[in-house]
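Okay, so here's the structure we're looking at.
The values are calculated or read from the model by the stated rules, or taken from the named source; none is laboratory data. Predicted model, so just to flag it, every value in this text is computed and none were measured. As a convention, Cβ positions derive from the backbone with ideal geometry for all residues, glycine included, and neighbour counts pool all protein chains shown. Each accessible area value is taken on the protein alone, full model and side chains, heavy atoms only, with ligands, DNA and RNA left out. Shrake-Rupley method; radii C 1.70, N 1.55, O 1.52, S 1.80 Å.
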Amino acid sequence: MIPVLEFEKRAMEGPVMKMDDFDLALAKAVRKLVKKYELKYNPERLFVDDETVDRIFEAGVELLAEVGIYHNDTQRVVKYTVEEIEAIVKEYKDSPPSITFGRGKEEHTVVPRKDGDPRPPVVWGLAAGVIQEEWFVPFLLSIAREPVVQGFGIAGGIASVGGVVPKENAPSEIYCGLWEVKAQQEALRLAGRPDMHLGLIPTVSSVGGTLAVIGPGLREAHNSMVGIHIIPEQKIDWTRLNLAQAIQERGISPWTSTMSLLGGLGGGPAGVAVIMMANFIGQLSYGHGKLGSFYVNDMTGRASHREGLWTLSACLRAIGRNLGVATGTCGGDSGPVFSMEEAIIRGVAMAVTLTTSSGAYNWGSGIDGITARVHADVMEQVAPITGQKANELLQSISRLLDELV
């Protein structure tokens, strides 16, 4: 693993480059690697085969070594050697990590899964978006009281508190962030589950705001994760590195979350999957996390269509086979939906892809307690399914969505 301070050094001494030039170099490198490794999106194979995912992983390693990560603040490129990347991969593969959240009766452990593992992914509830003050606690309570929910992926996102709107790097961020923590704790108390995992710290994002809500009786190691994401595509800044350093000192788990855009710099599904491999390994290299999520969508926000499902399966299986880290996704589509039926089915499509492609946790199991129950039931039923049977199931769900749309 590479120390965060080493990333500071490289961010100050790496090659100077304009952002547009980096984006162009990244796009060219991705297209070259897609051609070199003969990678091609196949809509008839939504459960992506072993040979393809292994080549995607190899291409991702090569991409990270070739282009590195762009630092927005210094306008320099953080560079890696192939040997460094291979050492990171070997360290994780030789000793696949697990991580425990919650305390007492709410304690649960996230461990890597393999294809066909009969153990279903961990179920985390989702209370995301901008939530109004008056229904913040009732919303979280409705999810926390659902027995299948083992924790939260995200628990909140407050719009304002008493008319005070949170502003990044300002006192209002801390004020609203502390109110949010107390409201989260109240929801868990009312649900009879005070020691439940609360997931990502939602409203605060600055270093100062994050550290203000971490401490005894507030957000702690057993109930918190902090985002240290690589910004799509392949970019970081001082905030990402500062947060990574700060939470390592406090024993807080980094929220390793790899995201990319279909139709963007990566082009189609194959190129985007390669970028996401480089992104994932890059985050692990400085964040030192023990699990990580993938999420991909197109220009409209759609994530559960065939291109999205193929890319998700490719990424989950590539990491499962070549790195051994517990992976997850949010079982929900961020694109437009036109009925509750469609929303539920789109979420199920994501959950089935996650489960059959060796994913270990669903950090956004539906949009409320009831849909979390649906996801839990579906994931338990499909957990042993893999290969061609998994592909047939995903094709069937996709055809149903075609009919609905």
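General remarks:
- Number of positions in the stretch 27-62 that are among the aliphatic types (A, V, I, L, M), in a helix (DSSP H, G or I) and either open to solvent by less than 10 Å² (accessible area, probe 1.4 Å) or in contact with a Leu (Cβ under 8 Å, 6 or more places away or on another chain) (or both): 7
- Restricted to the stretch 328-405, the set of helices (runs of 4 or more DSSP H) holding at least 3 residues that are buried (at least 18 other Cβ atoms within 10 Å of the Cβ) and of a type in the set (Gly, Ala, Ser) comprises 340-356, 369-382.
- Residues in the stretch 295-310 that are open to solvent by less than 10 Å² (accessible area, probe 1.4 Å) and in contact (Cβ under 8 Å) with a residue 60 or more places away in the chain: 3 in all.
- Residue in the stretch 259-279 that is crowded, with 24+ Cβ neighbours inside 10 Å, in contact with a Pro (Cβ under 7 Å, 6 or more places away or on another chain) and either within 17 Å of TYR92 (Cβ to Cβ) or among the acidic types (Asp, Glu) (or both) present: no
- Only one of the numbered conditions (1) in contact with a Ser or Thr (Cβ under 8 Å, 6 or more places away or on another chain); (2) outside any helix (DSSP H, G or I); (3) surrounded by 20 or more Cβ atoms within 10 Å (Cβ to Cβ) is violated by GLY116, and that is (3).
- Boolean, ALA343 is at pLDDT 95 or above and among the hydrophobic types (A, V, I, L, M, F, W, C): no
- Count of the stretch 223-243 residues which are buried (at least 23 other Cβ atoms within 10 Å of the Cβ) and in a helix (DSSP H, G or I): 2
- Residue tally, condition closer than 11 Å to ILE281 by Cβ and assigned to a helix (DSSP H, G or I), over the stretch 63-76: 3
- Filtered residues of the stretch 157-186 (kept if within 19 Å of LEU140 (Cβ to Cβ), polar (S, T, N, Q) and without any contact (Cβ under 8 Å) to a residue 12 or more places away in the chain): GLN185
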